[in-house]
Amino acid sequence: MARGTALRPLGTALAVLGAAGAAAFAYGSLIERRAYTLREVSVPVLPAGSEPIRVLHLSDLHMAPWQRDKQEWVRSLAALKPDLVVDTGDNLSHEDGLVGVRAALDAFRGTPGVFVHGSNDYFGPQLKNPLKYFAGPSKRNGSTAPRLDNASLTAYLRDLGWLDLNNAAGSLDVRGTHLELFGVNDPHIRFDRVEAIPGALDELRENDPYSDDATWPEDAPTVARPTVTLGVVHAPYRRVLDAFVTYGAAMIFAGHTHGGQVCVPGYGALVTNCDIPRKQVKGLSIWRHAFRSAFLNVSAGLGTSIYAPVRFACRPEATLVTLTAAA
């Protein structure tokens, strides 16, 4: 048999493989990347007899001003009339990204909300070799990464009436339940100050006339009320999730992973871009630490870097989390 004849099947196979890869990339870039999906889950964390609380979890918008379809889709979620919005960061992806963020989130003005930042709320995206993600979490080149207007983003989110939980704690009363909320700035770039959370919670409770820790006059109200503690973080690193469980979070909200962004059907995510187990890279799960546990919802997010505009077997998503009374 001639050598050329023997190599023909190999050449055909490589051609088919290349065509399949090109088709998959085209689908992931042109179709799935814009196939915005609302995922709905129920989580039994409220005290018995509590009214359900509908929480809209948004993450990783990675907004550029020209992304009108994403802006319109996010804006349409206001029709769900959530009781609370939780934004787990990476809202920006361009120096003018705040224009798109405003177009998407203005519809939620007046809806209670909380937020933390991700690395892309401080530093713009950079062109990277995607194969480097297999070697571990991505790293920022501080000398070349463009700076984004984090101050204006923070001011805008606060102007919506949302609580800033970057290394801070706050509280809200929602549908008869008192929510204690705490969060940290992005662990992916070591902006988190986990050690500050206990003090922030202590201060929060000391200034709450209904709390057992309150230092108020004797005639202050002492009526018991249902209370639930929630943790909020951008990148779900193990050390932060462990600390959140220790600090009493009944549920934790996170983003950052993009659900793996490019997944293999039947196998799932190839990378997580942090140290969370691959099986918990997106969706609702249980995080256990030191004989305690909390529900964990990791959003696959709604965007991608403008330099990696593709998703495969991992649709962009927002999550409607209904908090319900525990049995």
**Request:** Out of all DSSP beta bridges with both ends in the chain, state the antiparallel percent to the nearest 5.
**Result:** 40 percent
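Once Rh is set to the Kirkwood radius over Cα pairs, what Stokes-Einstein translational diffusion coefficient, in µm²/s, holds for the chain at a temperature of 10 °C and a viscosity of 1.306 mPa s?
For the chosen part, D equals 76 µm²/s.
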**Asked** Can you list the aspartates and glutamates whose alpha carbon sits under 18 Å from that of Lys139, skipping same-chain ones fewer than 8 residues off?
**Response** Asp60, Asp90, Asp121, Asp186, Asp192, Asp275
**Request:** Mind telling me which of Ala269, Ala79, Ala243 comes out most flexible in a GNM of the chain, alpha-carbon contacts under 10 Å?
**Result:** Ala79
**Item:** Shape metrics for the range 162-310, restricted to C-alpha atoms - Rg then Dmax, Å
**Value:** 17.5, 62
**Request:** For Trp66, Trp73, Trp287, give the ranking by accessible area with the largest first, probe 1.4 Å.
**Result:** Trp66, Trp73, Trp287
**Message:** Pick from Ala103, Ala290, Ala250 the residue whose mean-square fluctuation is largest in a GNM of the chain, springs joining Cα atoms under 10 Å.
**Reply:** Ala290
**Message:** Could you report the range 273-318's accessible area per residue, 1.4 Å probe, as an integer in Å²?
**Reply:** 44 Å²
**Alpha-carbon centroids, the range 96-165 and the range 248-327: separation in whole Å** = 18 Å
**Prompt:** Ignoring ligands, DNA and RNA, what percent of the accessible area of the chain is carbon or sulfur (1.4 Å)?
**Reply:** 55 percent
**Message:** Cβ neighbours within 10 Å, averaged per peptide: list 155-161, 81-87, 231-237 in order, most packed at the top.
**Reply:** 231-237, 81-87, 155-161
**Request:** Provide Lys132, Lys70, Lys139 ordered by accessible surface of protein heavy atoms (probe 1.4 Å), highest first.
**Result:** Lys139, Lys132, Lys70
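Would you mind checking the pairs Lys70/Lys279; Lys70/Lys132; Lys128/Lys282 and listing those with alpha carbons more than 25 angstrom apart?
Working: Lys70/Lys279 27 Å; Lys70/Lys132 28 Å; Lys128/Lys282 23 Å.
Over 25 Å Cα-Cα: Lys70/Lys279; Lys70/Lys132.
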**Fill in**
Rounded to whole Å², per residue accessible area for the range 50-160 with a 1.4 Å probe reads 44 Å²
**Prompt:** Stretch Leu38-Thr246 to full length: gain in nm at 0.36 nm per residue minus the Cα-Cα span?
**Reply:** 71.8 nm
**Candidate residues Ile197, Ile306, Ile31, Ile189: accessible-area rank, largest first, probe 1.4 Å** = Ile31, Ile306, Ile189, Ile197
**Message:** Can you tell me the mean projection area, over all orientations, of the convex hull of the range 42-192's alpha carbons? Units nm², please.
**Reply:** 10.3 nm²
**Prompt:** What is the extension gain from Leu127 to Ser293, computed as 0.36 nm multiplied by their sequence separation minus the C-alpha to C-alpha distance, in nm to one decimal?
**Reply:** 56.0 nm
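The values are calculated or read from the model by the stated rules, or taken from the named source; none is laboratory data. Every value quoted in this text rests on a predicted model; they were computed, and no experiment measured them. With ideal geometry, Cβ positions are generated from the backbone for all residues, glycine too; neighbour counts draw on all protein chains shown. For the accessible areas, the whole protein counts, side chains as well, though only heavy atoms, and no ligand, DNA or RNA atoms are used. Shrake-Rupley method; radii C 1.70, N 1.55, O 1.52, S 1.80 Å.
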